[in-house]
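Below is one structure; the comments refer to it alone.
The values are calculated or read from the model by the stated rules, or taken from the named source; none is laboratory data. Because the structure is predicted, anything quoted here is derived from the model rather than measured. Cβ coordinates were reconstructed from backbone atoms using ideal geometry, including for glycine residues, and neighbour counts include every protein chain displayed. Side chains included, ligands, DNA and RNA excluded: accessible areas come from the protein's heavy atoms. Shrake-Rupley method; radii C 1.70, N 1.55, O 1.52, S 1.80 Å.
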Amino acid sequence: MRYTVHWTAPSGPSSEPHTLGLRAAERAMTFASMGAAGVYVETPDGQVFQAPAQMAALVEYAQSADART
């Protein structure tokens, strides 16, 4: 399963892939705490989790989704 963290920095929009949802949540929180705008994680099935508000939901989703892979 692959998660993609998206964010917008002063230099423009960026993204990075992660295999584990927990790691993606950690990175999203890092970018959000550094002041990046529009931080979210997209799951392989197209669900979107906004940082920081929905990171707990992402971790919960990832626990079961990652266990299946």
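Quick check, is A28 within 9 Å of the chain's Cα centre (by Cα), at pLDDT 95 or above and open to solvent by less than 30 Å² (accessible area, probe 1.4 Å)?
Working: within 9 Å of the chain's Cα centre (by Cα): yes; at pLDDT 95 or above: yes; open to solvent by less than 30 Å² (accessible area, probe 1.4 Å): yes.
Spelling it out, A28 is indeed within 9 Å of the chain's Cα centre (by Cα), at pLDDT 95 or above and open to solvent by less than 30 Å² (accessible area, probe 1.4 Å).
Mind checking whether some residue in the range 2-18 is at pLDDT 95 or above and part of a loop (DSSP other than H, G, I, E, B)? For the range 2-18, residues at pLDDT 95 or above and part of a loop (DSSP other than H, G, I, E, B): absent.
Across the range 1-22, the number of residues qualifying as closer than 22 Å to A57 by Cβ and either open to solvent by less than 30 Å² (accessible area, probe 1.4 Å) or touching a residue at least 12 places away in the same chain (Cβ under 8 Å) (or both) comes to 15.
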